[in-house]
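I have placed the structure first, in the form of structure tokens, so that the comments after it can refer back to it.
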Amino acid sequence: QMWEEAIALGKELAEQYENEMFDYEQLSELLRKQAQFYENIVKVIRPKPDYFAVGYYGQGFPTFIRNKVFIYRGKEYERREDFEARLLTQFPNAEKMKTTSPPGDDIKTSSGQYIQCFTVKPKLDLPSKFHRPVSEQIVSFYRVNEVQRFEYSRPVRKGEKNPDNEFANMWIERTIYVTAYKLPGILRWFEVKSVFMVEISPLENAIETMQLTNDKINNMVQQHLNDPNLPINPLSMLLNGIVDPAVMGGFANYEKAFFTEKYMHEHPEDHDKIEKLKDLIAWQIPFLAEGIRIHGEKVTEALRPFHERMEACFRQLRDKVEKQYGVRAILSSLEERRGSRPRSMVRSFTMPSSSRPLSVASVSSLSSDSTPSRPGSDGFVLEPLLPKKMHSRSQDKLDKDDLDKDKKEKKKEKRNSKHQEIFDKEFKSTDISLQQAEAVILSETISPLRPQRPKSQVLNVMCSERRFSVSPGPPSSQLSPPPITPRTKLAFSIQPNLELNGMSSSDIPDIPPPLPLKGSTADYGNLLESQDLMSPTTSPPAQQR
């Protein structure tokens, strides 16, 4: 389940497949695996193994472990008692030590075997790429993996014993162990190379405890926000242990120990630390408020009295803290806490020409990923001048003739007005068929599908004494371009009943007028002057466009 390591190896393989071997089939399979690994990191909860410090003391052990300390990585859900039993089976004559303090020379030089075992806490060492706060589900991997520093804390009392408040004189003796390599590695245990010890004052211990408590509340809140199906029992115990003063006393013990005039007078150098502790106490209130809100949404009817009591205790606690230490507020936006993507996003895409003349729509919602059947549906902004864009794209190859610029401009304006008129009729009236719009699109989108004519012969097809009849619908005076003086006296008209793009000429009874030479036999069809063969009720099929 170390998917982070698998992703790193997968990236090396992807580089080989993509740039060295050009094996795209293996690359696609590898990328699918990587996608599954990323999804597992976010969604799958992995067990956190414990780490144990094991010391082998006495001359009875082999030389490679004699009087040395090792850090072991336990198995999943393995307790310290189970690990010790598994360890003692390898050395049945060894004696287990009862203390965690380092042994003296008498034990190290004795001829027997003594094993010291206790649980250590791995120290988080985040990679440098995490330069901003990230999800706890991602960070949790690095709390127990890729770790090289481990710590063991042992409480030590100094000075006079205070029966009323044990936090006033409780010091922490913390031992730091640094292994030769990061765990886990090629082995599940490595030798400790360096050991050093630091002392934590009671006030520093209180600050550290409050910080860990706030982080624990925040992490559990984030887990319930990301996965509403999590059980509520761990959240109930955590909140009740902090809110209800009858359970653990809360931070009232810190107030009695450090927020007194006597302590301030005896330790003036701790003023900044005391202010930091007060700030952490004030920040705990909004975290608790969010946790209790989630608890109220998920609590069952059987636990409703328990939740109401917890709410009552929290209201008293909040009033007291806000009065003494101020009010703190956190972002209540669920999207910002989760680091989600922006809600709005604009996409442009082209609709099929068989549905509507309009070709571009704007999508203002991430949920509208599919192409709608009607361009006037919600979330879309229509652009009525798009037939002009379509016309300019499809006429790039035809507008390379020798006509004057003013004639071409008049022709484009007339075409635009024709397209606009067709769009207005179609959008406003629901009982008008799509035959006209399809014919207009056909006349413009078919040109890239046939071989390009020579520049000198373009006018022979487009211009004639008779108007260019596109569809047997509206009168030609409304849909045809302005008349242009032709070079020849040829007259042509498109037969709507004939197949376009490559129809065979076997069933044509009359001899058509001579056409210009082409590089291929594919054409619009055979153009006839005889009107007897025309069938005004048929139109070219949509798939031939």
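A quick yes/no check of all residues on (1) under 30 Å from Phe259 (Cβ atoms); (2) without any contact (Cβ under 8 Å) to a residue 60 or more places away in the chain:
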{"position": "Lys108", "(1), (2)": "no, yes"}
{"position": "Glu136", "(1), (2)": "no, no"}
{"position": "Phe141", "(1), (2)": "no, no"}
{"position": "Asn169", "(1), (2)": "yes, yes"}
{"position": "Thr175", "(1), (2)": "no, yes"}
{"position": "Glu204", "(1), (2)": "yes, no"}
| said: Conditions first: (1) in contact with a strand residue (DSSP E or B) (Cβ under 9 Å, 6 or more places away or on another chain); (2) outside the structural domain of Glu151 (by the TED database). Lys121 passes all but one, so which condition is the exception? | reply: (2)
| said: Suppose we filter Ile281, Ile285, Ile274 for residues that are modelled with pLDDT of 50 or more and over 20 Å from Met220 (Cα atoms); which single one remains? | reply: Ile274
| Considering only residues of the range 92-144 that are charged (D, E, K, R) and more than 20 Å from Val42 (Cα to Cα), which is nearest to the chain's Cα centre (by Cα)? | Lys123
| Subset tally (residues that are farther than 14 Å from Ile292 by Cα and among the aromatic types (Phe, Trp, Tyr)) for the range 305-327 | 1
| request: Inspect the range 70-92 for any residue being in contact with a strand residue (DSSP E or B) (Cβ under 6 Å, 6 or more places away or on another chain), open to solvent by 50 Å² or more (accessible area, probe 1.4 Å) and of a type in the set (Lys, Arg) and give the result as yes or no. | output: yes
| query | Just to be sure, is Glu95 among the acidic types (Asp, Glu), open to solvent by less than 60 Å² (accessible area, probe 1.4 Å) and modelled with pLDDT of 90 or more? | reply | no
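Okay, residues lined up against (1) free of Cβ contacts under 8 Å to residues at least 24 places away in the same chain; (2) of a type in the set (A, V, I, L, M, F, W, C):
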| position | (1), (2) |
| --- | --- |
| Lys48 | no, no |
| Val54 | no, yes |
| Leu87 | no, yes |
| Phe91 | no, yes |
| Met97 | no, yes |
| Pro103 | no, no |
| Ser111 | no, no |
| Lys129 | yes, no |
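The values are calculated or read from the model by the stated rules, or taken from the named source; none is laboratory data. Given the structure is predicted, the values throughout are model-derived calculations rather than measurements. Positions of Cβ are backbone-derived with ideal geometry, glycine not excepted, and every protein chain shown enters the neighbour counts. Heavy atoms of the whole protein, side chains included, go into the accessibility calculation; ligands, DNA and RNA do not. Shrake-Rupley method; radii C 1.70, N 1.55, O 1.52, S 1.80 Å.
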